[in-house]
1. Please state which one of 105, 85, 42, 34 is out of contact with any helix residue (DSSP H, G or I) (no Cβ under 7 Å at 6 or more places or on another chain), farther than 19 Å from residue 122 by Cα, charged (D, E, K, R) and surrounded by 13 or more Cβ atoms within 10 Å (Cβ to Cβ).
2. Considering each residue of the stretch 21-54, count those that are assigned to a loop (DSSP other than H, G, I, E, B) and farther than 17 Å from residue 109 by Cβ, and give that number.
3. Tell me, yes or no, whether the stretch 70-79 has at least one residue that is modelled with pLDDT of 85 or more and within 15 Å of residue 117 (Cα to Cα).
4. Tell me, which residue of the stretch 83-104 that is in a helix (DSSP H, G or I) and basic (Lys, Arg) is nearest to residue 28 (Cα to Cα)?
5. If we scan the stretch 35-50, do we find a residue that is modelled with pLDDT under 80 and either touching a Leu at 6+ places or on another chain (Cβ under 8 Å) or aromatic (Phe, Trp, Tyr) (or both)?
6. Out of the stretch 88-102, which residues are within 23 Å of residue 42 (Cα to Cα), surrounded by 14 or more Cβ atoms within 10 Å (Cβ to Cβ) and charged (D, E, K, R)?
7. Looking only at the stretch 65-82, filter to residues that are surrounded by fewer than 16 Cβ atoms within 10 Å (Cβ to Cβ) and assigned to a helix (DSSP H, G or I); which one of those is nearest to the chain's Cα centre (by Cα)?
8. Looking at the stretch 109-121, can you tell me whether even one residue there is exposed (fewer than 15 other Cβ atoms within 10 Å of the Cβ), in a helix (DSSP H, G or I), of a type in the set (Val, Ile, Thr) and modelled with pLDDT of 85 or more?
Amino acid sequence: MGISEKKQQLSGGEPQKVLSSPPKPKSLFEEKKEISRLEFREILRKASPQIPGAGGKMYSLQERVNMEKEIFPDSRFSSHISEIEVKKRLRELRSERYGAKTGEERLNVDRKIRFLEEVTRVKPY
């Protein structure tokens, strides 16, 4: 009688199933090249209001919707948002963070970056 047989006998005779790690979260753009602004706004609306790494701070529903209008203004972006545009905007936000004059401005931009990365699951690099 081998070790594995003894373990089965001790555990009730049934082999134990090994749980695999949870699947990696998919990017918003893994299935589609681009999404409409309305769809993106709806994703932001349904997203968790918590800001990652902000110690429990949250964005209100209105702040999340306004964030889409602020980060992707109509004048610069078309009716659809692509992964390339999100990456480009994340890079611009990072440079904006370094150009911020006060610590509070820097913190607000950093929170937007983390929230946008969490929602879209897109990294700027």
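1. Matching residue, one of 105, 85, 42, 34: 105.
2. Number of matching residues: 16.
3. Yes, because at least one residue in the stretch 70-79 is modelled with pLDDT of 85 or more and within 15 Å of residue 117 (Cα to Cα).
4. Restricting to residues being in a helix (DSSP H, G or I) and basic (Lys, Arg), the top hit is 87.
5. Yes, that holds for at least one residue.
6. 89
7. Step by step, filter the stretch 65-82, then rank; the result is 65.
8. No, every residue in the stretch 109-121 fails to be exposed (fewer than 15 other Cβ atoms within 10 Å of the Cβ), in a helix (DSSP H, G or I), of a type in the set (Val, Ile, Thr) and modelled with pLDDT of 85 or more.
The values are calculated or read from the model by the stated rules, or taken from the named source; none is laboratory data. Source: prediction; values computed, not measured. Glycine gets a Cβ as well: all are built from the backbone with ideal geometry, and neighbour counts include every protein chain shown.
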